[in-house]
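Single-structure report; data block below.
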Amino acid sequence: MKKNEMEQSWTRMGEEAISGMLEWRLQHPKATLREIVREVYSRLAKMRAKMLEDAAQASESAEWEKGAEEVPVCPSCGAELEKKGIKKRKLQTVGGQEIELKREYGLCPKCGAGIFPPG
Ligand SMILES: [Zn+2]
């Protein structure tokens, strides 16, 4: 994802979070502090998950280093990993949102560990 696409996407999400929250507040004039906190958190959590996903996806460490001397090795036993192509990696954020990253994936031929590149 390009910088401009990210910027547009995040800006749109921010605007949606703000206008959605304003609208919710008008519709809930008697909301308690607890309800307001929950509403703000859940709206920001969606945006946070999207930002994390896009920003992490943009990282160069989404792929193993190119070049012969940079063969990834197994952190457990040190054997060279076999590249297994791109796999989806799911992570939970602090707010409980799930984000999905597409990462290159390696498999250790010795101990069978499945490894994503660091970062
Ligand atoms: Zn191993």
Next on the checklist: Place a point 7 Å from the Cα of Lys102 along the Cα-to-Cβ direction; which residues of region 73-94 have their backbone N under 18 Å from it?
Outcome noted: 84-91
Checklist entry - Given a cut-off of under 8 Å on Cα pairs at least six residues apart, what relative contact order in percent is computed for the chain? => result 22
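Could you work out the helix-only [θ] at 222 nm for the chain, with each DSSP H run of four or more residues adding -39,500 (n - 2.57) and the total divided by the number of residues, to the nearest 500 deg cm²/dmol? Intermediate results must be reported in sequence, preceding the final value.
Details: 2 runs with 50 residues, N = 119.
My calculation for the chain gives -15000 deg cm²/dmol from helical runs alone.
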Checklist entry - In terms of modelled amide H atoms, which long-range or inter-chain residues lie less than 5 Å from the amide H of Val73? => result Leu81
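Which length gain, in nm to one decimal place, applies between Gln8 and Glu23 when the Cα-Cα distance is subtracted from 0.36 nm times their residue separation? Numbers along the way, then the final one.
Values: separation 15, 0.36 × 15 = 5.40 nm, distance 2.21 nm.
Computed gain between Gln8 and Glu23 is 3.2 nm.
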Item to check | Degrees separating the helix 33-57 axis from the principal Cα axis of the chain, which is the longest one | outcome: 30
Next on the checklist: Angle check, please: helix 3-27 long axis (alpha carbons) against the longest principal axis of the chain (alpha carbons), in degrees 0 to 90, nearest 10.
Outcome noted: 30
Checklist entry - In nanometres, what is the gap between the two model label sites at Arg89 and Lys46, each 7 Å from Cα along Cα-to-Cβ? => result 2.7
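Neighbour counts of other C-beta atoms within 10 Å: give me Arg103, Arg25 arranged from fewest to most. Walk me through the intermediate numbers first.
Values: Arg103 21, Arg25 13.
If I rank by nearby Cβ atoms, fewest first, I get Arg25, Arg103.
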Checklist entry - Does a label point 7 Å from the Cα of Cys111, set along Cα-to-beta-carbon, have any residues of region 81-95 with amide nitrogen under 20 Å, and which are they? => result 81-84
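Throughout, read-outs are computed from the coordinates displayed, never taken from laboratory work. This is a predicted model, so every value here is computed, not measured. Glycine also receives a Cβ, built like all others from the backbone with ideal geometry; neighbour counts cover every protein chain displayed.
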